[in-house]
Amino acid sequence: MNQSNETTMNPPLNQESVSLEPSANLVRTIAVRERPANPGAWSNTVAFGWRALLKIKYVPEQMFDVLVTPIMFTVMFTYLFGGALAGSTADYLQFLLPGILAQTVVFTSLYTGVTLNTDISKGVYDRFKSMPIWAPSPLVGAMLGDVLRYTGASIIVVLIGLVLGYRPEQGLVGVLLALVLLNVFGFGLGWVFTVLGLILRTPGAVMTISWLVLMPMTFVSNIYVDPATMPDFLQTLVAFNPVTHLVSALRGLMSGGVTLGQLGLSLLTPVILTAVFGPLAMRLYRRKR
Amino acid sequence: MSSQHELAIQARQLTKHFGTTKAVNGVDLNVRRGSVYGVLGPNGAGKTTLVRMLATLLPPNSGQAKVLGHDIVTEAHHVRSRISLTGQFASVDEDLSGRENLILLARLLGFKGRAAKARADELLAAFDLADAANRQIKNYSGGMRRRLDIAASLVVTPDLIFLDEPTTGLDPRSRNQVWDIVRALVAEGTTVLLTTQYLEEADQLAERIAVIDHGVVIAEGTSRELKASVGSGVMHVQLQEPEQREQARQILSDYLLTAVHPEPDPTALTVQYSDSSLATAALAELPKAGIVLAGFSMGQPSLDEVFLALTGRPPEPTRAAKDVEGAAQ
């Protein structure tokens, strides 16, 4: 009762306090000068990885390619070439599936470049560059988000394979190790597309150039056919193709009989790519805009 | 020594070339700590390039600058840990919601999980954005976007904030909100460097103003000093009869002791004055001499008029002449 009396008696004062409130709130918020300890490079990278995941939440269509393409390739090639190349689709699938996994991850990695190309032109990168964070973290974080795509796409391929009759002789452990190797390889290859994404003007250009590289890289390899059936010069090319070594290692991990040499050769590529294209990407990134 | 410590920004002959274009061509700048400093200039004058250099985004071709006592090239990381930048084009992620943007920045600056969310919500409430917190920024209005952009610069309150054209394209209400934020920031001890195309904005907020054109500072001083060289206001006089214009020009110029310019319109005159009460008194002389007024307006000199006074030519690239008749007071 007392309260209502007061409000009717002093309406102007009440109004004033309402209009002053946001401003006082503003001042209080600004006055906080708390500065938490600088987080490390890893924490910065994880934060940018989280940003990449949020993007998928808002544009789920971008996952469509990643999910549908591998299903299409697995089913198509198994039934198209199986009878001709291996006598039966079941035998061919045993041979083809690890290769299709490699192809899927290699194809998916080009989205790193396409996505970055659109993303980097936005003003928010000005803010990132003006912040006291680990400089490569926006790039590495985005690639970390892509690792999730590789894993998702790979799992789908394995599941489709299981449905069609593929049986990994090394069981779950072999498959999991293969997934790890695929992610490491995809991460290394991602640097190449990051560089392309930084150099080229449009996402379309990144796409076109990337396909020009990726088509021969995947087809001139041991993914689809045994290289022994190829002419000599092609066999030489296949032997130098990093994808070939990746596929050999994957087959070894999933079907058994993997050698240290195979693993070493398949890991050499991502290490070299990161060492060469990582610093190059950072140079280009700093100069961008 | 002590005077150096009082400077938030100290730039010497800062220069940036893009090919043959000299975007910034030997700029000196001294910005006192805790003040608002205005960089005034038309589009393409080099304001954004200057800010990008000072915010460590762009290395200068020559010259040097210290921001909060640290060199912008050799100690860039120290500079970055104490500044914030709100760019001319939204420096937030348009695809994410306002809240997600602030949480991301809070996490990057070291707030952990729950603390990052708390700081984001605190900022959203303070900037009157709580209702729009979970909406993507691409669906924000211009004013909301600007406020979020500034909030994003205050996740950790910086010692120095760069605001690159913070009110360009905003409606008057949103502009006033931004001005309130700037005033609140300075009151809390943050130094503000803002660029603007509007003399009024620099006049309202800035302690000192540098006018730049073609990458060069063409005038520097307090708003009062600049106005002394320009005249604090402009009066447009519209007559009924074109024949009376010469007589009116004579009366006004005798009374105000300044030049009165005829306009292309044969019934119009423009006067730059430094004392508004004197100007209105001069205006009152016209009816006494039998001159019929069709109308008049008084207002701040526009940027074009400042440039005309300082350089003897309109700013380039030429824009449609802006009139401030609306602000007749």
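Let's see how each residue does on (1) surrounded by 20 or more Cβ atoms within 10 Å (Cβ to Cβ); (2) touching a helix residue (DSSP H, G or I) at 6+ places or on another chain (Cβ under 7 Å); (3) not aromatic (Phe, Trp, Tyr):
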position: B:THR196; (1), (2), (3): yes, yes, yes
position: B:ASP213; (1), (2), (3): yes, yes, yes
position: B:PRO242; (1), (2), (3): no, no, yes
position: B:GLN250; (1), (2), (3): no, no, yes
position: B:ASP254; (1), (2), (3): no, no, yes
position: B:THR258; (1), (2), (3): no, no, yes
position: B:THR270; (1), (2), (3): no, no, yes
position: B:TYR273; (1), (2), (3): yes, yes, no
position: B:SER277; (1), (2), (3): no, no, yes
Condition broken by B:ILE72, with the remaining ones in (1) under 25 Å from B:SER174 (Cα atoms); (2) more than 10 Å from chain A (Cβ to nearest Cβ) satisfied = (1)
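Taking A:ALA52 as the residue in question, decide whether it is at negative phi, at pLDDT 90 or above and either among the β-branched types (Val, Ile, Thr) or touching a Gly at 6+ places or on another chain (Cβ under 9 Å) (or both). Please lay out each step first, then the result.
On the way: at negative phi: yes; at pLDDT 90 or above: yes; either among the β-branched types (Val, Ile, Thr) or touching a Gly at 6+ places or on another chain (Cβ under 9 Å) (or both): yes.
Here the answer is yes, as A:ALA52 does meet what is asked.
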Of the candidates A:TYR58, A:TYR92, A:TYR79, the one satisfying the condition of being within 14 Å of chain B (Cβ to nearest Cβ) and hydroxyl-bearing (Ser, Thr, Tyr) is A:TYR58
Which one of B:ILE161, B:ILE181 is within 18 Å of B:ILE9 (Cα to Cα) and within 14 Å of chain A (Cβ to nearest Cβ)?
-> B:ILE161
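If you go through the stretch A:218-229, how many residues are under 15 Å from A:PHE107 (Cα atoms) and either touching a Leu at 6+ places or on another chain (Cβ under 9 Å) or open to solvent by 30 Å² or more (accessible area, probe 1.4 Å) (or both)?
Step one: of the stretch A:218-229, the residues under 15 Å from A:PHE107 (Cα atoms) are A:218-221, A:223.
Narrowing further to those that are either touching a Leu at 6+ places or on another chain (Cβ under 9 Å) or open to solvent by 30 Å² or more (accessible area, probe 1.4 Å) (or both): A:219-221, A:223.
Total meeting the criteria: 4.
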In the stretch B:107-128, anything part of a loop (DSSP other than H, G, I, E, B) and within 29 Å of the chain's Cα centre (by Cα) is listed as B:LEU109, B:PHE127, B:ASP128
Would you pick out the residues in the stretch B:77-93 that are more than 7 Å from every other protein chain (Cβ to nearest Cβ) and open to solvent by less than 10 Å² (accessible area, probe 1.4 Å)?
-> B:VAL79, B:THR86
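Conditions tested, residue by residue: (1) within 14 Å of the chain's Cα centre (by Cα); (2) open to solvent by 10 Å² or more (accessible area, probe 1.4 Å).
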residue: A:TRP50; (1), (2): yes, yes
residue: A:LEU53; (1), (2): yes, yes
residue: A:THR78; (1), (2): no, no
residue: A:GLY82; (1), (2): no, no
residue: A:LEU85; (1), (2): no, yes
residue: A:VAL106; (1), (2): yes, no
residue: A:SER109; (1), (2): yes, no
Working only within the stretch A:114-156, note down all residues that are open to solvent by 30 Å² or more (accessible area, probe 1.4 Å), at the interface with chain B (Cβ under 9 Å from one of its Cβ atoms) and in contact with a Leu (Cβ under 7 Å, 6 or more places away or on another chain).
-> A:LYS129
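Condition check ((1) closer than 30 Å to A:PRO132 by Cβ; (2) without any contact (Cβ under 8 Å) to a residue 40 or more places away in the chain) across all residues:
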residue	(1), (2)
A:SER43	yes, yes
A:LEU53	yes, no
A:ASP65	no, no
A:VAL68	no, yes
A:ALA86	no, yes
A:VAL106	no, no
Can you give me the ranges of the strands (runs of 3 or more DSSP E) entirely in the stretch B:1-60 with at least 2 residues that are in contact with a Gly (Cβ under 9 Å, 6 or more places away or on another chain)?
-> B:7-18, B:21-32
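Kindly indicate which of B:ALA65, B:ALA11, B:ALA55 is within 14 Å of another protein chain (Cβ to nearest Cβ), under 22 Å from the mean Cα position of the chain (by Cα) and either of a type in the set (A, V, I, L, M) or closer than 27 Å to B:ILE137 by Cα (or both). Talk me through it step by step, then tell me what you get.
Details: B:ALA65 fails: within 14 Å of another protein chain (Cβ to nearest Cβ); B:ALA11 fails: within 14 Å of another protein chain (Cβ to nearest Cβ).
Of the residues listed, the single one that is within 14 Å of another protein chain (Cβ to nearest Cβ), under 22 Å from the mean Cα position of the chain (by Cα) and either of a type in the set (A, V, I, L, M) or closer than 27 Å to B:ILE137 by Cα (or both) is B:ALA55.
Residues are listed down the side, and each one gets a yes or a no for (1) of a type outside the set (Val, Ile, Thr); (2) in a helix (DSSP H, G or I); (3) touching a Phe, Trp or Tyr at 6+ places or on another chain (Cβ under 7 Å); (4) in the same structural domain as B:VAL67 (by TED's automatic domain parsing):
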{"site": "B:MET144", "(1), (2), (3), (4)": "yes, yes, no, yes"}
{"site": "B:ARG147", "(1), (2), (3), (4)": "yes, yes, yes, yes"}
{"site": "B:PRO158", "(1), (2), (3), (4)": "yes, no, no, yes"}
{"site": "B:PHE162", "(1), (2), (3), (4)": "yes, no, no, yes"}
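Given B:LEU58, B:LEU50, B:LEU102, B:LEU54, which one is at pLDDT below 95 and buried (at least 16 other Cβ atoms within 10 Å of the Cβ)?
On the way: B:LEU50 fails: at pLDDT below 95; B:LEU102 fails: at pLDDT below 95; B:LEU54 fails: at pLDDT below 95.
The unique qualifying residue is B:LEU58.
Within the stretch B:130-144, which residues are within 11 Å of chain A (Cβ to nearest Cβ) and either crowded, with 21+ Cβ neighbours inside 10 Å or touching an Asp or Glu at 6+ places or on another chain (Cβ under 6 Å) (or both)? So that I can check it myself, show each step before the final result.
Applying the first criterion (within 11 Å of chain A (Cβ to nearest Cβ)) to the stretch B:130-144 yields B:130, B:136-138.
Those that are within 11 Å of chain A (Cβ to nearest Cβ) and either crowded, with 21+ Cβ neighbours inside 10 Å or touching an Asp or Glu at 6+ places or on another chain (Cβ under 6 Å) (or both): B:ILE137, B:LYS138.
Given B:LEU102, B:LEU96, which one is out of contact with any His (no Cβ under 7 Å at 6 or more places or on another chain), farther than 29 Å from B:LEU40 by Cβ, in contact (Cβ under 8 Å) with a residue 12 or more places away in the chain and more than 8 Å from every other protein chain (Cβ to nearest Cβ)?
On the way: B:LEU96 fails: more than 8 Å from every other protein chain (Cβ to nearest Cβ).
Just one listed residue meets the conditions, B:LEU102.
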Looking only at residues in the stretch A:230-256 that are without any contact (Cβ under 8 Å) to a residue 40 or more places away in the chain and under 14 Å from A:PRO98 (Cα atoms), which one is surrounded by the most Cβ atoms within 10 Å (Cβ to Cβ)?
-> A:HIS245
Assess whether B:THR74 counts as being among the hydroxyl-bearing types (Ser, Thr, Tyr) and surrounded by fewer than 16 Cβ atoms within 10 Å (Cβ to Cβ).
-> yes
Considering only helices (runs of 4 or more DSSP H) fully contained in the stretch A:170-289, which possess at least 3 residues that are away from every other protein chain (no Cβ under 14 Å) and under 25 Å from A:ARG149 (Cβ atoms)?
-> A:171-199, A:203-219, A:242-255, A:260-287
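Filter the stretch B:164-175 down to the residues that are in a helix (DSSP H, G or I) and under 13 Å from the mean Cα position of the chain (by Cα) and list them by number.
The one that is in a helix (DSSP H, G or I) and under 13 Å from the mean Cα position of the chain (by Cα): B:ARG175.
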Extreme residue, surrounded by the fewest Cβ atoms within 10 Å (Cβ to Cβ), among residues of the stretch B:117-129 that are within 19 Å of B:ILE83 (Cα to Cα) and at the interface with chain A (Cβ under 10 Å from one of its Cβ atoms) | B:ARG119
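Give the stretch A:212-229 a look and list any residue that's polar (S, T, N, Q) and touching a residue at least 24 places away in the same chain (Cβ under 8 Å), or say none.
Initial filter on the stretch A:212-229 (polar (S, T, N, Q)): A:218, A:221-222, A:229.
A:THR218, A:SER221, A:ASN222, listed by residue number.
The values are calculated or read from the model by the stated rules, or taken from the named source; none is laboratory data. As the structure is a prediction and not an experimental result, all values here were calculated from the model. Note that each Cβ is placed from the backbone with ideal geometry, even for glycine, and that neighbours are counted across all protein chains shown. Quick note on the areas: whole protein, heavy atoms, side chains included, nothing else; ligands and nucleic acids left out. Shrake-Rupley method; radii C 1.70, N 1.55, O 1.52, S 1.80 Å.
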